[in-house]
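What follows is calculated from the coordinates using simple rules that are stated; it is not laboratory data. All values derive from a computational prediction rather than experimental measurement. Because the Cβ atoms are built from the backbone with ideal geometry, glycine has one as well, and the counts that use them run over all protein chains shown.
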Amino acid sequence: MTRIPMIAGNWKMNTTVDQAVNLVTDMLPGLDAVKDVDRVVCPPFVSIKPAADLLKKSSVKLGAQNMYFEEKGAFTGEISPDMLAGLCDYVILGHSERRHIFGETEAFINQKIQAAIKNLIKPIFCVGETLEQNETGCTEETLTHQVMASCDKLYFFGGLVIAYEPVWAIGTGKSATAEQAQRTISFIRQLVRHRHGDEIANAVRILYGGSVTAANIAELMQQPDIDGALVGGASLKAEDFVSITKQAAEIKAGFK
Ligand code: PGA
């Protein structure tokens, strides 16, 4: 079973519109030249439209970093699926910063996933344990709860991608080792298999995220269950992000 690898850049709350336009312009030739890997950039909302215009004729896809689930109405400050549909192919949902800083719950995230799928936007659904959960041996229990709550069979047919991002590895410069990431992602795939069967488990893409850089991507991509990466800090540097996607393509090509 070959899964198309994917590298997504989560820019978080960085870049003004001008800076975002410059960053997309800088990375576009390099990203566009990479074959057989899905490449996605996720700028802040205000830069989605300018980025979409720049990416229109390329093979690089666009993602949003968040979304509300209602179609429209009195939800001050929110962005609806309808506003993103047609501009974005992907949306990051359930990111640990949304869970921990903004208090998003499993039920809330699940509503967003449903709304994304209904609007043909593929969710990049983030899961991951905190340092405390990791140190107290609760990683598997935490992931089981997160995956079971939000991974309905139908969502996989809508293109749902899972991103395993241990909270202790995000923005800390302390990535999980390739072996740790492989072990946990394999566990997540087993959860999906147990619940939804072989076909879905073998097809679903599961990314690793948390301090991914041009220096550690190769080792991560060599793992059989790791299908790519959700990259934060290193996605803000054109050269690094292009290098990450290139290395991902080279390594996965070697497996064919
Ligand atoms: P990082 O962020 O690569 O800066 O650790 C990853 C993420 O939060 O998606």
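Data overview
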| quantity | calculated |
| --- | --- |
| Residues located in the range 1-16, provided they are farther than 30 Å from residue 200 by Cα, surrounded by fewer than 15 Cβ atoms within 10 Å (Cβ to Cβ) and either more than 16 Å from the ligand (Cβ to nearest atom) or touching a residue at least 60 places away in the same chain (Cβ under 8 Å) (or both) | 16 |
| Spans of helices (runs of 4 or more DSSP H) in the range 182-256 with at least 2 residues among the β-branched types (Val, Ile, Thr) | 238-254 |
| Qualifying positions in the range 66-83 - surrounded by fewer than 23 Cβ atoms within 10 Å (Cβ to Cβ) and touching a strand residue (DSSP E or B) at 6+ places or on another chain (Cβ under 8 Å) | 66, 79 |
| Total residues in the range 202-256, condition among the charged types (D, E, K, R), surrounded by fewer than 19 Cβ atoms within 10 Å (Cβ to Cβ) and within 16 Å of the ligand (Cβ to nearest atom) | 3 |
| Residues within the range 51-70 that are touching a residue at least 40 places away in the same chain (Cβ under 8 Å) and over 21 Å from residue 232 (Cβ atoms), tallied | 3 |
| Residue 158 over 23 Å from residue 233 (Cβ atoms), small (Gly, Ala, Ser) and within 17 Å of the chain's Cα centre (by Cα) | yes |
| Residue satisfying all of: in the range 164-201; of a type in the set (Gly, Ala, Ser), away from the ligand (no atom under 16 Å from the Cβ) and under 18 Å from the mean Cα position of the chain (by Cα); farthest from residue 129 (Cα to Cα) among these | 201 |
| Test for residue 48: is it among the β-branched types (Val, Ile, Thr), out of contact with any Asp or Glu (no Cβ under 9 Å at 6 or more places or on another chain), buried (at least 16 other Cβ atoms within 10 Å of the Cβ) and free of Cβ contacts under 8 Å to residues at least 40 places away in the same chain | no |
| Pair list, Cβ < 6 Å and 6+ apart or interchain, from the range 236-256 residues that are closer than 19 Å to residue 61 by Cα to residues that are assigned to a loop (DSSP other than H, G, I, E, B) and among the polar types (S, T, N, Q) | 236/14 |
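Matching residues to (1) closer than 23 Å to residue 70 by Cβ; (2) crowded, with 21+ Cβ neighbours inside 10 Å; (3) not basic (Lys, Arg):
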| position | (1), (2), (3) |
| --- | --- |
| 87 | yes, no, yes |
| 111 | yes, no, yes |
| 138 | no, no, yes |
| 150 | yes, yes, yes |
| 159 | yes, no, yes |
